[in-house]
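Undergrad: I have a structure I would like to understand better, so I am pasting it below and will then ask my questions one at a time.
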Amino acid sequence: MTRIYSFHGGIHPPENKRQSLGAPIRQAPLPARLILPLQQHIGKAATPLVEVGDQVLKGQKIAEPTGHVSAAIHAPSSGIISYIGLQPVPHASGLESPCIVIETDGQEQWCELHPIENYRDLDKKELLKHIRDAGITGLGGAGFPTDIKLNLSKDHIVNTLIINAAECEPYITADDALMRERPNDILTGVEIIAHLLQPSKILIGIEDNKPNAIKALRDAIRERNLPIELVVVPTRYPSGGEKQLIQLLTSIEVPSGSIPADVGIVCQNVGTAAAIYRAVIHGEPLISRIVTLTGFALGHRQNYEALIGTPFSVLLEAADVDRSKMFRLVMGGPMMGISIEDDRIPLIKTTNCIIAATQEEMPPAPPAQPCIRCGMCEQVCPATLLPQQLYWFAKGREFEKARHHNLFDCIECGACAYVCPSNIPLVQHYRFAKSEIRNEEAEQLKAAQARERFEARQARLVREELEKEQRRKERAEAAAREQARKKAEADSVSSDTPDPEAELKKLKSAASIARTKLKKASEALKNAEEKGLDGTEKLKETVAQLEEKAAAAENAWQQATGAEQ
Amino acid sequence: MTIILTAILILLSLAVVFGVILGFAAVRFKVEGDPIVDQIDGLLPQTQCGQCGYPGCRPYAEAISNGDAINKCPPGGQSTIEALADLLDREVVPLDAEHGEEKPKMVAYIREDECIGCTKCIQACPVDAILGAAKQMHTVIVSECTGCDLCVEPCPVDCIDMIPVPVTPSNWKWPAPVSDPNLIWTDRGRGHLLQEGSE
Ligand code: SF4
Ligand code: SF4
Ligand code: SF4
Ligand code: SF4
């Protein structure tokens, strides 16, 4: 027998579960229109695979996962795609978001299914892919894609697999009903999960306020002789919180900012286990779920098995709603759910409960009073936070301080607001602070991106400028080279025709040489005549010749200079 | 006497050793860049709109570090002024109206059938958030647009509108709590009338 530990705080709100457990799970009617939001899970919205006008079969994949953290969506019934676009979705904002709308044909005609005969023989990767293709997300909480949770990298060794059957929130009985009526589906699902994760221990944590479910599960476990331990924990809200249940069953506190897998633990909800069973053994994708319809404005308060995409209004009609008595419509439980205005929104994979409450049941919240610093909120906080401090920080918009006080460890369980004698809507303050911080982060990310792009552009402009400069330089150089080449050509041509200057010099020197020669020759002649030497005749001749030459040279030079001037 | 001398010697050698270590550290662990400008730039919204009178946020950050006023950035608004005042230990002042007023976040939208593909907007966009080639229709990459307004002016056919950033479930923010009677969180009273067995 496993020892049961405890977690800090917690509360005991009235359970209000009995109302919806009087009758077995009932099939919800097939609606005329099914509305399937592309974002029903944590991660990226799915990408549609169909177009308006397409005929689809029940179970056919109509949208595929976008990227890693995302989930596929399947047609919950056969019909025609009538619209793809914005529709109101189950979201606290009440805003619209992209959806695929199917006009059902009432035939409920299945597409071809691919059950796995013996999953133990299959490669684990294939098995995970099969689960991913079935569009399974966590059915208990936020809707995290299941295949990712089951596909742990090698560095995570799973010691303990915890199946969350606590269902601690008031009013909700969907898991309880599932356990009572289909314990074997759940157990087979658990076996498949265990096959994938190979944990050394498998625990199912269940609150002691579900004796029938405990009996059903215990009998089934004994019958099949499975190595699964059913751990019954005392009823105390919020024992079904992931970290709280882990603490209850193992005494391990998952550190702030870590996920259970970091300490060797994986948690799965019972509903998810049953969905895995259906996907693997019957080949059916996730197209329906069990939802609790309760609240005193309804005639039939019970659990329904409804197709994903069924509008709330259809479900409310099926449960025989008395709209005159309905004062408030809540999606989820009274502690963690959200009030909604528009009942045209569809059931999605994570919708576990719809409460149509009368005014007596959920009267308007009394006005908030100033905090009296009673400290009651601290005593009940299961995350061991200081709710009062967080409240002051959120109210004073001191988000940085709130974050340092581990605001993001708050699971928004509402225990603090529940006990607050001043009726302060504490969780609203935390949600506000959280979304302000997230928004701030997103903006910073965007600013960083813009800075990068701006700098990249600046760099590009500089580069382009440089390139331009470079090109201009190159062009200039090329032009210079061209000119030089031309000039060189011109030079080689001009060397053929005589340079007038050089010519002139030549003529000048020729003339002066001729004159000097003449001078020397006439002097020699004069000498010879004076001394009476023979051969004067010959000398006379030479002088006459030289005289002629000098005159010619003199003449040529004179002419050249004349032409020059 | 020798004692005093040894003391002086020891102190001297210590001084030399530490001086070397400090000098080495100053070189080895030198802080790159201009951290104060980086810090200021980190607080500016990076809209790159130039309303502050500088060609982008970083130049303004440099100007602030050189003593310029901190209230010239309309997209950042009062919160940026407060953050800057906090960082620089200056006084919080209201936004200088001369540079514009704080407006809700916008995103550019090109009416594509009217776009003539002149590429003027591409040249104006400081963050390259517009796609398109010459003589072809242009489109704004919404996720990259900072809403700076700079592409509106140059468009010769006035086909660019600045529209408020649409609110979707993914960027929607929880409002600050008011006394809304429809809050289900103050759970007091809820279900108390229905104690177990009162059915
Ligand atoms: S319980 Fe309410 S009144 Fe008491 S300390 Fe907390 S916030 Fe203040
Ligand atoms: S809502 Fe948050 S702060 Fe309040 S009790 Fe729960 S975990 Fe603690
Ligand atoms: S006004 Fe603000 S956002 Fe615009 S460029 Fe100047 S610092 Fe950047
Ligand atoms: S698209 Fe227009 S408004 Fe948006 S960042 Fe570029 S220039 Fe500014």
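Undergrad: Surrounded by fewer than 23 Cβ atoms within 10 Å (Cβ to Cβ), modelled with pLDDT under 90 and closer than 26 Å to A:Tyr418 by Cβ - does that describe any residue in the stretch A:142-160?
TA: Within the stretch A:142-160, one or more residues are surrounded by fewer than 23 Cβ atoms within 10 Å (Cβ to Cβ), modelled with pLDDT under 90 and closer than 26 Å to A:Tyr418 by Cβ.
Undergrad: Output the number of residues of the stretch A:75-110 satisfying the condition of being assigned to a strand (DSSP E or B) and open to solvent by 10 Å² or more (accessible area, probe 1.4 Å).
TA: Of all residues in the stretch A:75-110, those assigned to a strand (DSSP E or B) come to A:79-88, A:96-104, A:110.
From what's left, open to solvent by 10 Å² or more (accessible area, probe 1.4 Å): A:80, A:82-88, A:96-98, A:103-104, A:110.
Total meeting the criteria: 14.
Undergrad: Here's a follow-up. Restricting to the stretch B:103-134, and then to whatever is small (Gly, Ala, Ser) and within 15 Å of B:Cys145 (Cβ to Cβ), can you tell me which residue is farthest from ligand 4 (Cβ to nearest atom)?
TA: Filtering the stretch B:103-134 for residues that are small (Gly, Ala, Ser) and within 15 Å of B:Cys145 (Cβ to Cβ), the one farthest from ligand 4 (Cβ to nearest atom) comes out as B:Gly132.
Undergrad: If you take the residues in the stretch B:59-81 that are away from ligand 4 (no atom under 16 Å from the Cβ) and within 11 Å of chain A (Cβ to nearest Cβ), which one is least open to solvent (accessible area, probe 1.4 Å)? Before you say what the answer is, go through the steps one by one.
TA: Within the stretch B:59-81, the first condition is being away from ligand 4 (no atom under 16 Å from the Cβ), and the residues that meet it are B:59-72, B:77-81.
Cutting the leftovers down to within 11 Å of chain A (Cβ to nearest Cβ) gives us B:59, B:61, B:79-80.
Values: B:Pro59: 36, B:Ala61: 0, B:Ser79: 77, B:Thr80: 15 Å².
For the stretch B:59-81, the residue satisfying everything is B:Ala61.
Undergrad: Could I ask something else about it? Restricting attention to the stretch A:283-322, report how many residues are under 14 Å from A:Thr351 (Cβ atoms) and of a type in the set (D, E, K, R).
TA: Adding up the residues that qualify gives 2.
Undergrad: Report, by residue number, each residue of the stretch A:371-388 that is more than 15 Å from ligand 2 (Cβ to nearest atom) and closer than 19 Å to A:Ala402 by Cα. Give the derivation first.
TA: Our first condition is that a residue be more than 15 Å from ligand 2 (Cβ to nearest atom); within the stretch A:371-388, this holds for A:372-373.
A:Arg373, the sole residue that qualifies.
Undergrad: Can I ask one more? Restricting to the stretch A:349-376, name every residue that is under 40 Å from the mean Cα position of the chain (by Cα) and basic (Lys, Arg).
TA: Answer for the stretch A:349-376, where residues must be under 40 Å from the mean Cα position of the chain (by Cα) and basic (Lys, Arg): just A:Lys349.
Undergrad: Taking the criterion of being open to solvent by less than 60 Å² (accessible area, probe 1.4 Å), touching a strand residue (DSSP E or B) at 6+ places or on another chain (Cβ under 9 Å) and under 30 Å from A:Cys410 (Cβ atoms), would at least one residue in the stretch A:217-226 satisfy it?
TA: Scanning the stretch A:217-226, I find no residue that is open to solvent by less than 60 Å² (accessible area, probe 1.4 Å), touching a strand residue (DSSP E or B) at 6+ places or on another chain (Cβ under 9 Å) and under 30 Å from A:Cys410 (Cβ atoms), so the answer is no.
Undergrad: Which members of the stretch A:55-74 meet the condition of being in a loop (DSSP other than H, G, I, E, B), surrounded by fewer than 18 Cβ atoms within 10 Å (Cβ to Cβ) and either of a type outside the set (A, V, I, L, M, F, W, C) or outside the structural domain of A:Ala32 (by TED's automatic domain parsing) (or both)?
TA: A:Thr66, A:Gly67, A:His68, listed by residue number.
Undergrad: Within the stretch A:167-174, can one find any residue that is open to solvent by 30 Å² or more (accessible area, probe 1.4 Å), of a type in the set (Phe, Trp, Tyr) and in a loop (DSSP other than H, G, I, E, B)?
TA: No, the stretch A:167-174 has no match at all.
Undergrad: Among what's in the stretch A:418-471 and is in contact (Cβ under 8 Å) with a residue 12 or more places away in the chain and among the aliphatic types (A, V, I, L, M), pick the residue that is nearest to the other protein chains (Cβ to nearest Cβ).
TA: Once the filter is applied, the top-ranked residue is A:Val427.
Undergrad: Okay, moving on. Out of B:Cys159, B:Cys148, which single residue is away from chain A (no Cβ under 14 Å) and either buried (at least 16 other Cβ atoms within 10 Å of the Cβ) or over 24 Å from the mean Cα position of the chain (by Cα) (or both)?
TA: Testing whether each residue is away from chain A (no Cβ under 14 Å) and either buried (at least 16 other Cβ atoms within 10 Å of the Cβ) or over 24 Å from the mean Cα position of the chain (by Cα) (or both) leaves just B:Cys159.
Undergrad: Tell me which residues, restricted to the stretch A:426-438, are surrounded by 20 or more Cβ atoms within 10 Å (Cβ to Cβ) and over 13 Å from A:Leu390 (Cβ atoms). If you could, list the steps in order and put the result at the bottom.
TA: Initially, the stretch A:426-438 is screened for residues surrounded by 20 or more Cβ atoms within 10 Å (Cβ to Cβ), giving A:426-434.
None - no residue of the stretch A:426-438 is surrounded by 20 or more Cβ atoms within 10 Å (Cβ to Cβ) and over 13 Å from A:Leu390 (Cβ atoms), so the list stays empty.
Undergrad: Still on this structure: Please find, within the stretch A:34-53, the residue that is nearest to the chain's Cα centre (by Cα) out of those that are buried (at least 18 other Cβ atoms within 10 Å of the Cβ) and under 12 Å from A:Val101 (Cα atoms). Before the answer, list the steps.
TA: The first filter runs over the stretch A:34-53 and keeps only residues buried (at least 18 other Cβ atoms within 10 Å of the Cβ), leaving A:34-41, A:43, A:45-46, A:48, A:50.
Among the residues that remain, those that are also under 12 Å from A:Val101 (Cα atoms) are: A:34-38, A:48, A:50.
Working: A:Leu34: 27, A:Ile35: 24, A:Leu36: 21, A:Pro37: 18, A:Leu38: 15, A:Pro48: 17, A:Val50: 23 Å.
So, considering only residues that are buried (at least 18 other Cβ atoms within 10 Å of the Cβ) and under 12 Å from A:Val101 (Cα atoms), the one nearest to the chain's Cα centre (by Cα) is A:Leu38.
Undergrad: Please verify whether B:Gly19 is at pLDDT below 90 and assigned to a helix (DSSP H, G or I), treating the condition exactly as stated.
TA: On the way: at pLDDT below 90: yes; assigned to a helix (DSSP H, G or I): yes.
Criteria met by B:Gly19.
Undergrad: Would a scan of the stretch A:315-329 turn up a residue that is among the β-branched types (Val, Ile, Thr) and closer than 28 Å to A:Gly241 by Cβ?
TA: Restricting attention to the stretch A:315-329, the residues satisfying the condition of being among the β-branched types (Val, Ile, Thr) are A:321.
With the extra rule that they be closer than 28 Å to A:Gly241 by Cβ, the set shrinks to none.
No, every residue in the stretch A:315-329 fails to be among the β-branched types (Val, Ile, Thr) and closer than 28 Å to A:Gly241 by Cβ.
Undergrad: Another question, then. Take the stretch A:275-288 and flag every residue that is closer than 28 Å to A:His156 by Cβ and open to solvent by 10 Å² or more (accessible area, probe 1.4 Å).
TA: Applying the first criterion (closer than 28 Å to A:His156 by Cβ) to the stretch A:275-288 yields A:275-281, A:285-286.
A:Ala275, A:Tyr277, A:Arg278, A:Ile281, A:Pro285, A:Leu286 - these are the residues of the stretch A:275-288 that are closer than 28 Å to A:His156 by Cβ and open to solvent by 10 Å² or more (accessible area, probe 1.4 Å).
Undergrad: Hey, another quick one. Looking at B:Ala97, is it more than 11 Å from chain A (Cβ to nearest Cβ), under 23 Å from A:Arg457 (Cα atoms), away from ligand 4 (no atom under 11 Å from the Cβ) and surrounded by fewer than 16 Cβ atoms within 10 Å (Cβ to Cβ)?
TA: Numbers: more than 11 Å from chain A (Cβ to nearest Cβ): yes; under 23 Å from A:Arg457 (Cα atoms): no; away from ligand 4 (no atom under 11 Å from the Cβ): yes; surrounded by fewer than 16 Cβ atoms within 10 Å (Cβ to Cβ): yes.
Answer is no for this residue.
Undergrad: Restricting the first residue to the stretch A:362-379 and requiring it to be within 12 Å of chain B (Cβ to nearest Cβ) and within 24 Å of A:Gly337 (Cα to Cα), which pairs with a second residue that is part of a helix (DSSP H, G or I) and open to solvent by 70 Å² or more (accessible area, probe 1.4 Å) meet a Cβ separation below 9 Å and a spacing of at least six or different chains?
TA: Sorted first by the residue in the stretch A:362-379, then by its partner, the pairs are A:Pro363/B:Leu193.
Undergrad: Please go through the stretch B:10-58 and pick out each residue that is within 14 Å of chain A (Cβ to nearest Cβ) and among the hydroxyl-bearing types (Ser, Thr, Tyr).
TA: B:Thr47, B:Tyr54
The values are calculated or read from the model by the stated rules, or taken from the named source; none is laboratory data. Since this is a predicted model, take the numbers as computed values, not measurements. Neighbour counts are summed over all protein chains in view; Cβ atoms, including those assigned to glycine, are modelled from backbone coordinates with ideal geometry. These accessible areas exclude ligands, DNA and RNA; they are computed on the full protein's heavy atoms, side chains included. Shrake-Rupley method; radii C 1.70, N 1.55, O 1.52, S 1.80 Å.
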